[in-house]
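Presented below is the structure to which this report refers.
Computed from the coordinates by the stated procedures, all read-outs in this text should not be read as laboratory data. Just so we're clear, the structure is a prediction, and the values are computed from it rather than from any experiment. With ideal geometry, Cβ positions are generated from the backbone for all residues, glycine too; neighbour counts draw on all protein chains shown.
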Amino acid sequence: MATYEDVREQLDTGDIVLFAGKGLISMGLRIGSLCSWSHVAMVVRVKEPDVALLYQSTPVCKAKDFFDGILKNGVQVNVLSEAVNGYNGRVAVRHLTVKRTPAMLNGLSRFRQEVKNRPYEDHIVQMVKAVWDGPLGHVEEDLSSLFCSELVAEAYQRMGLLPASEDGGKPATEYTPKNFSAEGDKTELLLGARLGEEIVIREG
C-alpha cells in the first residue's frame, strides 16, 4: 500500500479520490452498486500556496472547509491530507492523464462558483435511482443539491472530460462512484483523457 506522501507530488486537478466507509449507508451503497467504493471526490491542486485540496459533496467531513474554516454539509473544499487522515475507511487515488488547458480549468472554476455551498443530496430516492440502472432509474438533473458522484460528474462535464447531457451524454445524476472506479471503467472520457490504476493510500 502507498501512503498519501507517496502520491502527493503527483496529485493534480481532476484526479479522482475514492472512499469506502464502514457505516451502514456506505455499505448499502456499495452493495447496491456492486462496487467496492461508496464515495467519490476529486482533487483540486493549488500552486500558491502549494496544497492539494479535495472537492466533494458529503453530509459529514471531519476536515474544515479550506475557504470558510468551518465544518460543512454539502459541497465543500477540504485539505486532502486532513480529509484522508480523518476518514474511517479505505481511500484510493486515480491519477487523471490529460492536458489541463486554461479552458478546462476555467470551466471547473465557473462550476465551483455556481454550486458553492449547495447542500448534500440526502433524498434516498435520488441516490437509489442513480445506483439503479433499470427502467425506473432515470432521474432528471437538479443541481440544487448534489450527492458525491453527481458533483464529480458535473465537474468533469464542465471541464469537457465527459459529454454533457445536452450533447447526448447521461445526466450527472446517473453517475455513481463505480463510474469513476476501476470497476466501472466502461466510462469513456473525452479529450484523450484516461484514469490510472487505483492506488490505495489508506486501509482504514
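Evaluate E = 1/(1 + (r/R0)^6) for Glu5 and Asp142, where r is the Cβ-Cβ distance and R0 equals 35 Å; express this FRET efficiency to the nearest 0.05. It comes out at approximately 0.35. Note on Gln113 and Glu166: the model spin-label points, each 7 Å out from Cα along the C-beta direction, lie 1.8 nm apart. In terms of other Cβ atoms within 10 Å, Leu34, Leu18, Leu191 run from fewest to most in the order Leu34, Leu191, Leu18. Taken along the Cα-to-beta-carbon direction at a fixed 7 Å, the label points for Lys62 and Lys22 span 1.0 nm. Plainly put, the chain has a radius of gyration that is 0.92 times its Kirkwood radius, both from alpha-carbon atoms, as the Rg/Rh ratio.
With both labels modelled 7 Å from their Cα along Cα-to-Cβ, the Thr97 to Glu48 distance reads 3.2 nm.
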